[in-house]
Structures are given as C-alpha cells and as structure tokens.
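Heads up, the thing below is written out as structure tokens.
The values are calculated or read from the model by the stated rules, or taken from the named source; none is laboratory data. Nothing here was measured: the structure is a model prediction, and the numbers come from that model. When we count neighbours, we look across all protein chains shown, and the Cβ atoms used for this are built from the backbone with ideal geometry, even at glycine.
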C-alpha cells in the first residue's frame, strides 16, 4: 500500500567504529544530514561525534547535498558519529497517465531539447559504478522500448528488477559491477538502484541515484526493534512534464511519503554516508550502523 500526504519523522543514524588497538587519527567525509527537496523539509538536524573531532566543516556539494568533513586526531579505540534529524515529508503521487502522454523516445527527444546540457551530461553518461555495457543495454532494451508509453515503461522497469533479482544481503559488495549483478541475479537496494539508473541512462533518460531512508514496519504482532531500520537507495528519473520521478525497484513501487532523502548523485560513490582514512596499527575493527525512523504524530 502506498502512503501519500504529509508525514513527520525523527531520524537517528548511528555509525560506530571499534578497533583492537589505538587509532592515532581518522579523516572522514560523509553525507548524513537530510536535504531539503520539493517534497521534504528538514526542520532540524544535529551531528554528535565522540570523541570530539579536532576539526569539522560543512558545505553544499556539487549536487546540493550536505557534505560533512570530520578530522579526529585524539587517540581512541572507538569512534561514534550520530546524526539526529527531524523532517517533514510530503511526496506527491505520480501521475502515470500524464507520463503516458509521452513515449520513451519522445521523452528522450524533449528532454534533450529542454534540459541543461550539464544536467544531461551528469545523469545520462556512465559513472564510476554505472557502466553502460552490453548487458545493461540488453536488459533495458526489452523494457524501455522506444514506442512504449513512458509511465508504463517506468512501472515495468521497477517491476522487472523486483521480479528478476532476489534481495540477499551479503551477496554483493560496494565494488560489485552491473555485469556481475546481471550474472548473480541477487543483491541489495544499492545494486538494484544502480541497475535501474543504468537502464534509464542507456536509452537516454537522465537518472540519478538517491540515498536516504524508508520507514519500515515490524511483522504483525511484534514491536519495532531499536536500530532495526537501515539506509536505503532508489532511483530518480527526469521526465518532460512531471519533473523528477522517484521509483524503488527493491520494493516494487514509486517513492511515497515514507521515503526520506539524504543525498543524490550519479551513483553511490557520490553519496556514501561516511568514508575516510584511518591511521592505526589495529589488526581488526568492527562497524555497527543503527538507524531509527520514528514517525511523529
């Protein structure tokens, strides 16, 4: 069931690194603060870091995302980064009939004529994790037919990926290529978003990778466990008459008001929640990520 209309959430995202020896210094950059969009307002956001960093800075990156830099040179064996935000979300339902006024080919032609060439280059060319190889083009060709109505084609894309691929954590990694994914036929939301992006770009439709969160519900009769939510990824495609339209192949649907946007870019490499360089002689480490999406009212 889709959920539209205004919704408000508290979002708590904890990232904790633990090491078996002292860390001398760590330099991190990440995208943890949600961003304002046409369907989302960030009411508040704070970043808590332990131990306290020696230097921090923030700026809006090339895509308008909140990029945070953290530099910690205090000796430590555990680093915890928590982002707490309150957001109000109100996604409009997609108008499939409006989208169907264009065929895929007609939409590509109109977008080529009316879109900033820089935007076209950013979101139709290959990117580090979205190679437009023969396998991707072949998979897309059976779904995004030039004469197919655009709305119908977009629905077919997320439904096909959902049906053809199994959700299996651990089957892939951040280095998995689309060719490998097409062979494995299993992966996680990041993989399915990359494949959808690649399919759309392969026919000339500008598409971006979106990183954020999705409110989830526990099984019937069970309480929701603290920290049980997770980050999520989906795809946004530019259309001639309806602007950017977001679809989620992992969950076989268009995005609705349960989706919370953190950042978008060409692919995951542009919007990694947290990455960095660590100076230590530790031989092992542990990463714990806990996410809570708490509906308000």
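Computed quantities for the displayed model
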item	result
Of all residues making up region 55-80, the number that are in contact with a helix residue (DSSP H, G or I) (Cβ under 9 Å, 6 or more places away or on another chain) and within 14 Å of residue 279 (Cα to Cα)	0
Residue match in region 160-170 (condition: at pLDDT 95 or above, farther than 19 Å from residue 235 by Cα and surrounded by 15 or more Cβ atoms within 10 Å (Cβ to Cβ))	no
Residues of region 21-48 that turn out to be surrounded by 13 or more Cβ atoms within 10 Å (Cβ to Cβ) and under 11 Å from residue 76 (Cβ atoms), as a count	4
Scope region 20-36; condition part of a strand (DSSP E or B) and within 21 Å of residue 291 (Cα to Cα); matching residues	28, 29, 30
Qualifying positions in region 140-175 - in contact with a strand residue (DSSP E or B) (Cβ under 7 Å, 6 or more places away or on another chain), assigned to a loop (DSSP other than H, G, I, E, B) and over 21 Å from residue 250 (Cβ atoms)	146, 147, 148
Out of 174, 108, 130, sole residue that is surrounded by 13 or more Cβ atoms within 10 Å (Cβ to Cβ) and in contact with a helix residue (DSSP H, G or I) (Cβ under 7 Å, 6 or more places away or on another chain)	130
Enumeration of residues in region 260-281 that are over 17 Å from residue 173 (Cβ atoms) and surrounded by fewer than 16 Cβ atoms within 10 Å (Cβ to Cβ)	277, 279, 281
Any pair with Cβ under 7 angstrom, 6 or more apart, that starts in region 46-68 at a residue that is more than 21 Å from residue 119 (Cα to Cα) and ends at one that is surrounded by fewer than 13 Cβ atoms within 10 Å (Cβ to Cβ)	68/58
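Residues are listed down the side, and each one gets a yes or a no for (1) assigned to a helix (DSSP H, G or I); (2) buried (at least 24 other Cβ atoms within 10 Å of the Cβ):
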{"site": "197", "(1), (2)": "yes, yes"}
{"site": "210", "(1), (2)": "no, yes"}
{"site": "220", "(1), (2)": "no, no"}
{"site": "235", "(1), (2)": "no, yes"}
{"site": "247", "(1), (2)": "no, yes"}
